[in-house]
1. Which of (1) more than 12 Å from the chain's Cα centre (by Cα); (2) surrounded by 10 or more Cβ atoms within 10 Å (Cβ to Cβ); (3) at pLDDT 55 or above is the odd one out, the single condition L76 does not satisfy?
2. Going by what's in this entry, would R55 be described as at pLDDT 90 or above, exposed (fewer than 13 other Cβ atoms within 10 Å of the Cβ) and touching a helix residue (DSSP H, G or I) at 6+ places or on another chain (Cβ under 8 Å)?
3. Restricting the first residue to the stretch 59-81 and requiring it to be assigned to a helix (DSSP H, G or I), which pairs with a second residue that is loosely packed, with under 15 Cβ neighbours inside 10 Å and basic (K, R) meet a Cβ separation below 8 Å and a spacing of at least six or different chains?
4. Can you confirm whether L66 is under 20 Å from D88 (Cβ atoms) and under 11 Å from the mean Cα position of the chain (by Cα)?
5. Name the residue that is surrounded by the fewest Cβ atoms within 10 Å (Cβ to Cβ), counting only residues in the stretch 35-52 that are of a type in the set (G, A, S) and closer than 17 Å to N81 by Cβ.
Amino acid sequence: MRNLDLKFEIRSQSEQLRLIASLRGKKRAFCPKCDRPVELVAHKKAASLLKSDIRGLATMANVGTLHRLHNIRGRLLICSNSLYTFFDNRSTVVAGI
């Protein structure tokens, strides 16, 4: 099965909201900075992966390194695409050199 390039025009704001709502799931949401649906990572898991804390995540989100979203309950979630991009682009330090 090949990928099809789907192109469409959203005619009204209500259609746009329905589309965004359909892209949302328990662990997925539309990230406006990535301009696509992404998986979400809980802030505690993201902090653990980054060996950081909530302040570190907030700083990274404020400068645009990480994309933060909030669910309907107000819980902080991190866009997995921005998290993985950060990991891919970070510099590594070799101990003992």
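The values are calculated or read from the model by the stated rules, or taken from the named source; none is laboratory data. Since we're looking at a predicted model, the values are computed, not measured. Cβ coordinates were reconstructed from backbone atoms using ideal geometry, including for glycine residues, and neighbour counts include every protein chain displayed.
1. (1)
2. Numbers: at pLDDT 90 or above: yes; exposed (fewer than 13 other Cβ atoms within 10 Å of the Cβ): yes; touching a helix residue (DSSP H, G or I) at 6+ places or on another chain (Cβ under 8 Å): no.
Against the criterion (at pLDDT 90 or above, exposed (fewer than 13 other Cβ atoms within 10 Å of the Cβ) and touching a helix residue (DSSP H, G or I) at 6+ places or on another chain (Cβ under 8 Å)), R55 does not qualify.
3. Note: pairs meeting the criteria are N81/R36.
4. Details: under 20 Å from D88 (Cβ atoms): yes; under 11 Å from the mean Cα position of the chain (by Cα): yes.
Criteria met by L66.
5. We begin by selecting, within the stretch 35-52, every residue of a type in the set (G, A, S); these are 42, 46-48, 52.
Subsequent filtering for residues that are closer than 17 Å to N81 by Cβ retains 42, 46.
Working: A42: 14, A46: 26.
Going through the qualifying residues, I end up with A42.
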